[in-house]
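Below is one structure, written out as structure tokens; comments come after it.
The values are calculated or read from the model by the stated rules, or taken from the named source; none is laboratory data. Small disclaimer: the values here were computed from a predicted structure and weren't measured. Glycine also receives a Cβ, built like all others from the backbone with ideal geometry; neighbour counts cover every protein chain displayed.
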Amino acid sequence: MRSVMVLEDFRVQQMPRAGGGWSYTILRADGSVEEEPDRFLRLYEGGGTERTYAYFLVDHLRWRKREGLTTPSVSLQDLYRYMGAVRAKVAMPFGQPWRPGKRPYGSSALEVTAACLKGFYLLQCGSGVTAELATALEASRLPTQRDRDRALLGHRQTSLPVNPLAPRRGTRRRHPKMLPDGARPELLDVANTARDKLVVTWLSGHQSAHRRTDGPAPR
């Protein structure tokens, strides 16, 4: 066995598998296996997800130890604080940024972290995770029509799982909707109501004002 990463209390250990490839676990400073993350990583043994989760999880365990937290004492608010410490946008104080001197997590890394933490703590439900945290992590939402259209037997869906730790994705448009060049006269000709004509006139005037301030409309 060879050690891939060593730092203070925990480290990721890479181990060759009998059939080829590598497995990963997390060791304590004395070289003993940290049982909870090891059990979680075994679910992904032999795949790239195992390695990825090992490094994201060891980072969280180091932060957790610094904060004086254990699996039974971690709350959803603590997990929000951790996400904030690794650069997720959270509506609460999160203390000092984590990983000093290293690059902050990007959006993809934050999504992986959220998935990793949710899976890890839900697996520990029988090992001390509070019922309150388990319930919060198992949150769900009503499916949209788009969800149903994209899923097999989507008409039978009544709820979809969500991850409360996942970063929110922005929905704002960079540019407002605009009419194609020369479309105003044609649209006014086919508009059937005064309201439709008013909307076309408003969009045309809004487009002209936007172009005066921002330059040509994007094609």
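Assorted remarks:
- Entry remark, the stretch 23-32: residues being farther than 16 Å from residue 71 by Cα and surrounded by fewer than 16 Cβ atoms within 10 Å (Cβ to Cβ) number 4 in total.
- In the stretch 44-72, residue farthest from residue 17 (Cα to Cα) [restricted to those that are surrounded by fewer than 13 Cβ atoms within 10 Å (Cβ to Cβ) and at pLDDT 90 or above]: 68
- Residue check, residue 94 surrounded by 17 or more Cβ atoms within 10 Å (Cβ to Cβ), assigned by TED's automatic domain parsing to the domain that holds residue 134 and modelled with pLDDT under 90: yes
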